[in-house]
Amino acid sequence: MSKIAHIKRRIKSVKNTRQITRAMQLVAASKMKRAQDRALAGRDYALLLARMLHAAVKRTDEITHPFMEDREVKKRGILLVSTDKGLCGALNSNLFRMLTDIEDDVDYYSIGRKGKQYLTRSGKNLVADFEVSDQVRFDEIRPILEELLNSYNEGKIDTVEIAFPRFINTMIQNPMIIKILPLVNLDEALALLKLKGEENTLDEEIDEREIKFEPDVATIIEELPKLYVKQEIYQFILSAKASEHSARMVAMKSATDNANNLVDDLTLKFNKARQAAITQEILEIAAATASTQQ
Amino acid sequence: MALRIQIVTPEGTLLDKEADTVVLPTANGDTGILEGHIPLITQLKRGQLVLETNGKEEQIAVDDGFAEVIGNHIAVLTEDAIDVDDIDLSAVEEAKKRAQAAYEEAKDNEIDPDELLKLDQKLQFLTMQELVKGGGEKH
């Protein structure tokens with residue numbers, strides 16, 4: 001009897017857990033949809049911006065912009081975009097594993113509590129940490145951008161890089177480090193934006209004639225890189241959010257599935273045990289009747 | 001259908017269609033684009049973008065941004081854009097009041113200048129929508 005009661009209790013507790021993971025799965029699924037839509041919507045803008053900058057830079061020699069000058073790298077600046085909450089599979093640990101191998105002199109900036117914990121625990125040089133809500137409003141990102149760009153302009157850091165889980169699709173998120181500043185290799189940056197698996201709706205026209213700039217090159221070159229860098233970082237943070245919710249949705253879905261399997265197994269075990277108990281009882285009664293008749 | 005025009009905002013691609021002529025509100029004044037225009041990258045000022053297709057005009061209010069003309073392909077990069085036919089003046093009026101209130105409040109509280117600038121831009125874009133819509137209806 002005690003065995004049956006024990007199994008019954010386990011079934012109940014697994015069912016409770018299943019209820020929680022399923023609720024989390026549903027919440028993550030709805031957040032995921034929104035985050036993915038936003039990440040995808042902003043992509044065209046970022047891509048077009050990159051393309052314009054690329055076209056502008058390629059066809060003029062008279063460019064000097066502090067963001068585009070190559071400089072000797074004494075200290076790297078890395079913005080680590082992680083999640084605030086756990087239960088999202090291996091998303092964060094895959095990301096952090098990428099950073100453990102870095103031996104250079106690095107100033108870290110972080111978004112998300114998990115990243116902050118990792119950086120302080122592993123004794124890395126965390127300069128500033130930020131928190132960003134699920135909505136990722138632009139005004140939440142602005143202080144981060146300002147901090148990064150100011151440090152870059154003042155020479156405190158010589159690169160601006162961003163480490164984040166890049167959203168490919170619901171099942172796949174690739175952790176990667178992307179260098180944003182200095183903007184020396186635009187071809188590479190453009191290729192990165194057009195990452196495989198992401199269809200792109202903006203096709204490129206080929207026209208080798210000289211481009212005319214209005215009002216003049218200087219104005220365009222002054223404005224574009226700044227806009228580009230800001231949009232780029234914003235876009236990557238959106239991508240990281242989409243990754244987070246996708247990873248959590250998938251993790252919670254498999255937890256729910258596992259709970260289902262466990263409940264099935266336990267129910268089978270419970271039925272067997274119950275049947276065994278009944279058979280046992282019948283045997284006992286039959287034996288008792290048999291002995292009284294004799 | 002000589003030209004293809006795309007208007008792209010951070011919220012996605014707003015418009016992607018073909019047109020015969022396009023008039024862009026650039027920093028140097030309105031610039032008309034026809035088939036075979038030389039490659040051009042230009043700064044846009046908040047204003048009215050006009051598409052003409054088969055003699056039919058379509059007006060779109062755009063915010064500050066950039067435009068790229070390469071081949072017969074025009075790509076417009078802007079913070080915000082709206083089809084003039086979709087502008088609902090009463091909604092704009094409401095939005096303007098809200099933006100104005102937010103702007104005044106922000107100014108009193110001395111929040112960071114970037115935020116203020118953004119609010120101001122939003123307000124101006126709304127005002128422009130009103131102007132464009134109002135102007136369109138007189139014809």
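None of the figures in this text is laboratory data; all of them are computed from the coordinates on show. Here the structure is a predicted model, which is why all the values come from computation and not from measurement. Cβ: placed from backbone, ideal geometry, glycine included. Neighbour counts: every protein chain shown.
Tabulated data
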read-out	value
0 to 90° range, to nearest 10: angle between helix A:138-154 axis and chain A longest Cα axis	50
Rounded if a/c under 1.5, otherwise prolate or oblate - segment A:25-248, Cα gyration tensor axes	oblate
Gain on full stretching of the segment that runs from A:Ser93 to A:Ala288 - 0.36 nm per residue minus C-alpha separation	63.8 nm
Debye, to nearest 20: dipole size of chain B, +1 on Lys, Arg Cβ, -1 on Asp, Glu Cβ	340
Cross-link reach list, lysines versus B:Lys133, counting only Cα pairs under 26 Å and skipping chain neighbours closer than eight places	B:Lys17, B:Lys45, B:Lys56, B:Lys96, B:Lys97, B:Lys118, B:Lys122
In order through segment B:122-133: 3J(HN,Hα) via Karplus (6.51 cos²θ - 1.76 cosθ + 1.60), integer Hz, x for Gly, Pro	4, 4, 5, 5, 5, 4, 5, 4, 4, 4, 4, 5
DSSP-defined beta bridges in the protein assembly as shown - what % are antiparallel, rounded to 5	65
Whole-Å distance, taken between Cα centres, linking segment A:129-170 and segment B:19-53	34
Using alpha-carbon coordinates, inclination of helix B:89-109 to the longest axis of chain B, degrees	50
Choice from B:Gly29, B:Gly65, B:Gly55 showing the highest fluctuation, given a GNM over chain B with Cα pairs closer than 10 Å	B:Gly55
Within segment A:101-202: Cβ-based charge dipole about Cα centre, in debye rounded to nearest 20 (Lys, Arg +1; Asp, Glu -1)	400
Two-site FRET efficiency, A:Asn185 against B:Glu58, from Cβ-Cβ distance with R₀ of 35 Å, rounded to 0.05	0.30
0 to 90° range, to nearest 10: angle between helix A:217-293 axis and chain A longest Cα axis	10
Full-extension gain in nm, A:Met171 to A:Lys272, via 0.36 nm per residue minus C-alpha separation	32.5 nm
Hypothetical label at A:Asp265: residues of segment A:10-38 whose amide nitrogen lies under 17 Å (7 Å Cα-Cβ projection)	A:10-18
Ascending count of other beta-carbon atoms within 10 Å, so fewest first, for A:Tyr45, A:Tyr152	A:Tyr152, A:Tyr45
Of A:Met249, A:Met68, A:Met32, the one that fluctuates the most in a GNM where chain A has Cα springs shorter than 10 Å	A:Met68
Those GluC sites (Glu not before Pro) in segment B:30-90 that DSSP places in a loop and that have at most 14 other beta carbons within 10 Å	B:Glu35
In segment A:1-105, the trypsin sites (Lys or Arg not before Pro) that fall in loop regions by DSSP, at most 13 other Cβ within 10 Å	A:Arg71, A:Lys74, A:Lys85
Aspartates and glutamates whose Cα lies under 14 Å from that of A:Lys156, excluding same-chain neighbours fewer than 8 positions away	A:Glu72, A:Asp105, A:Asp107, A:Glu146, A:Glu147
Among A:Ala46, A:Met68, A:Val14 - extreme Cα towards positive end, dipole of segment A:1-69, charges at beta-carbon	A:Val14
Difference of contour (0.36 nm per residue) and Cα-Cα distance, A:Lys85 to A:Glu140	18.0 nm
Residue-wise HN-Hα coupling along segment B:24-30, computed from phi with Karplus coefficients 6.51, -1.76, 1.60 (Hz; x: Gly, Pro)	9, x, 8, 4, 9, x, 5
Rounded, prolate or oblate (a/c below 1.5 giving rounded, otherwise prolate when a/b exceeds b/c) for segment B:3-84 by Cα gyration tensor	rounded
